[in-house]
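Have a look at the structure below before the remarks.
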Amino acid sequence: MLIRVVYEDNTLDMIPSPILQIGIECRKIKMFYRESEKRWVIVGEDAIRQDHNGEYRDGPDRRTIHAYQLVFGDDLTSSPPSAASQGG
C-alpha cells in the first residue's frame with residue numbers, strides 16, 4: 001500500500017507503507033495522509049502509532065530500516081527523494 005506523505009521540504013510523494021515509520025523517525029516526513037480517518041496526520045502534533053500495549057513506540061525498527069535502504073538506497077542521512085526521482 002502506498003501512503004501520501006509531505007517531506008520536511010514540502011515535497012509531496014507516495015511511499016510504501018513499511019517505510020513510513022522510519023521516515024518519521026529520521027525526521028524526513030512532515031505529515032502523511034491517514035486514509036482510515038480521511039485526514040492528514042502532522043508528525044509531532046498528532047498521535048502516530050501505538051504498540052500492542054497501547055504505548056507509543058520510539059526508536060528505529062531494524063526491518064523498517066532495511067526496507068528503507070532497499071527502497072531509497074541511502075544511509076538515512078541524505079535528503080528525501082523527490083517525486084520525480086521516484087517516478088511519480
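If you go through the stretch 31-55 and pick out every residue that is loosely packed, with under 14 Cβ neighbours inside 10 Å, modelled with pLDDT of 90 or more and of a type in the set (A, V, I, L, M, F, W, C), you end up with 1. Annotation: of all residues in the stretch 8-30 being in a strand (DSSP E or B) and surrounded by fewer than 20 Cβ atoms within 10 Å (Cβ to Cβ), the one that is modelled with the lowest pLDDT is P16.
The values are calculated or read from the model by the stated rules, or taken from the named source; none is laboratory data. Note that the structure is predicted; figures quoted are calculated from it, not measured. Backbone-built Cβ (ideal geometry, glycine too); neighbour counts: all protein chains shown.
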